[in-house]
Amino acid sequence: MIERQCEVCGVPMILKRPNSSRKYCDSCAKKVRMENQKIAQEQLKLKRKAEKIRERDKLGSFLRELDTYNNERRKRGECPISYGKYVAMRRGLIAEV
């Protein structure tokens with residue numbers, strides 16, 4: 001058996017296995033685990049928020065592209081096209097209006 005100290009509170013622990021990698025006593029291990037779970041949940045929330053922002057940016061850039069295309073059409077004397085027609089045109093579903 002090996003005796004080791006807890007890294008958080010310093011309480012001596014007796015390890016049954018010689019190759020055990022335990023660092024914390026039972027009470028500290030529970031606290032550390034809960035803190036790590038909170039950190040992981042916060043990081044997940046930030047990641048999801050960043051994904052939503054990226055999606056909004058993609059949509060915003062697409063709408064700006066549609067506005068420039070419609071401005072060019074107005075300069076040529078043609079009427080502007082709708083969002084749906086522009087999407088279909090970009091994907092090659094219909095010929096240019």
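The values are calculated or read from the model by the stated rules, or taken from the named source; none is laboratory data. Small disclaimer: the values here were computed from a predicted structure and weren't measured. Positions of Cβ are generated from backbone atoms using ideal geometry, with glycine treated the same way; all protein chains shown enter the neighbour counts. Accessible surface is based on the protein model in full, side chains and every heavy atom, while ligands, DNA and RNA are left aside. Shrake-Rupley method; radii C 1.70, N 1.55, O 1.52, S 1.80 Å.
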Spot the failing condition for residue 58; the list is (1) outside any helix (DSSP H, G or I); (2) open to solvent by 60 Å² or more (accessible area, probe 1.4 Å), and only one is missed.
(1)
Pull out all pairs, ordered by first then second residue, where Cβ-Cβ is under 9 Å, the residues are six or more apart or on different chains, the first lies in the range 81-93 and is within 15 Å of residue 67 (Cβ to Cβ) and open to solvent by less than 100 Å² (accessible area, probe 1.4 Å), and the second is polar (S, T, N, Q) and at pLDDT 90 or above.
81/70; 86/70
Find the residue count for the range 6-30, including only residues that are open to solvent by 60 Å² or more (accessible area, probe 1.4 Å) and within 38 Å of the chain's Cα centre (by Cα).
11
Quick check on this structure: which one of 95, 50, 40, 88 is at pLDDT 95 or above and out of contact with any helix residue (DSSP H, G or I) (no Cβ under 7 Å at 6 or more places or on another chain)?
40
First in the range 49-73 and within 15 Å of residue 87 (Cβ to Cβ), second anywhere and modelled with pLDDT under 95 and surrounded by 10 or more Cβ atoms within 10 Å (Cβ to Cβ), Cβ under 8 Å, 6 or more apart
63/83; 66/83; 66/86; 69/81; 69/86; 70/80; 70/81
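Output the number of residues of the range 56-77 satisfying the condition of being within 25 Å of the chain's Cα centre (by Cα), under 18 Å from residue 91 (Cβ atoms) and charged (D, E, K, R).
Filtering the range 56-77 for residues within 25 Å of the chain's Cα centre (by Cα) gives 56-64.
This time we only want the ones that are under 18 Å from residue 91 (Cβ atoms), so: 58-59, 61-63.
Filter once more, so that each one left must be charged (D, E, K, R): 58.
Counting residues in the range 56-77 that are within 25 Å of the chain's Cα centre (by Cα), under 18 Å from residue 91 (Cβ atoms) and charged (D, E, K, R) gives 1.
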